[in-house]
Amino acid sequence: MDSFELNKVMGAILGTLLFTLALNIVSGGIFASHSPHKAGYEIEAKDDKGGQKQAAVEPQIPLENLLNEANPEKGASIARQCVACHDFTKGGPNKVGPNLYGVVNRDSASHEGFNYSNAMKAKKAKWTFEAIDKFLENPGKVVPGTSMTFLGLRKATDRAAVIAYLNKQADAPAPLPKPVAVNATPDAQKKDGDKKDAEKKDAPKQKDAEKKDAPAAEKKEMPAEKKDAPAPAEKKDAPAKQ
Ligand code: HEC
């Protein structure tokens, strides 16, 4: 191969590269490609009123099951939203809303001495677990014209917790409905598994909880544990608080 021939080859290669480059520039002009302002996809999601949308995605857990898993103590803290208008104690007063002691399975609009709205009087229903659940989700929608001006509790677990709490505010709490079998999706199975684990762990957990409730008494009896857990030592410094 002499140098002349080599030049030809090099020229051909260079030419090709130049041509490609030119093509790129020209096509770039024709098919303008905008790079996105933000990487990734925009996913549109309504965040509030998520109820309907969530329902489509999340598998709905039946109320029966939620009630069985519900924690009445959590319910009590959620029910602080109600105390501006409701008293929960036996023989307690009617406030803006009627006294709710023993409301579970009580006839609607039946509490003595409370001036119910016509809408509520017309409802003529029993406050079963389910009826309360529906009502609390959206009072104004379930009983249009109700004087309970409360937006509602959107989360099913919150409602179940409140209902579990309400159920305890009674002479004889109603028995909780039996949990129903849900299609065993992998998720559900996993949850079951978790639950079993949780049950296993229950015993020590409870002990912990007891300790928290009565730290002063237990501390003295179990000096060995103090070494492992420095936290209780703090409590020792401030026993007056207990
Ligand atoms: C702004 C005040 C207000 C708040 C907050 C409120 N309620 Fe009410 N509630 C009322 C009034 C008023 C009524 C009577 C409604 C009617 O007559 O239409 C009522 C009625 C009820 C009833 C039906 C009682 C019956 O005897 O028929 C239930 C159950 C109830 N409320 C539960 C709750 C729970 C649980 C909460 C908290 C999560 C709550 N309410 C929060 C004002 C309120």
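The values are calculated or read from the model by the stated rules, or taken from the named source; none is laboratory data. Since the model is a prediction, treat every value here as computed from it, not as a measurement. Positions of Cβ are backbone-derived with ideal geometry, glycine not excepted, and every protein chain shown enters the neighbour counts.
Numbers at a glance
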item	result
Single condition Gln81 does not satisfy, out of (1) surrounded by fewer than 16 Cβ atoms within 10 Å (Cβ to Cβ); (2) more than 24 Å from Leu176 (Cα to Cα); (3) near the ligand (Cβ under 6 Å from one of its atoms); (4) of a type outside the set (Phe, Trp, Tyr)	(2)
Residue satisfying condition, being at pLDDT 95 or above and under 17 Å from Lys168 (Cα atoms), within set Asn115, Asn99, Asn138	Asn99
Residues located in segment 134-160, provided they are more than 10 Å from the ligand (Cβ to nearest atom) and either among the polar types (S, T, N, Q) or outside any loop (DSSP other than H, G, I, E, B) (or both)	Lys134, Glu137, Asn138, Lys141, Val142, Ala156, Thr157, Ala160
Filtered residues of segment 40-89 (kept if under 16 Å from the mean Cα position of the chain (by Cα), modelled with pLDDT of 65 or more and basic (Lys, Arg))	Lys74
Residues within segment 85-96 that are surrounded by fewer than 16 Cβ atoms within 10 Å (Cβ to Cβ) and either closer than 19 Å to Pro173 by Cα or basic (Lys, Arg) (or both), tallied	5
Gly102 vs. criteria assigned to a loop (DSSP other than H, G, I, E, B), within 6 Å of the ligand (Cβ to nearest atom), crowded, with 17+ Cβ neighbours inside 10 Å and more than 24 Å from the chain's Cα centre (by Cα)	no
When residues of segment 111-127 are limited to those that are polar (S, T, N, Q) and either more than 32 Å from the chain's Cα centre (by Cα) or more than 9 Å from the ligand (Cβ to nearest atom) (or both), the one farthest from Asn138 (Cα to Cα)	Asn115
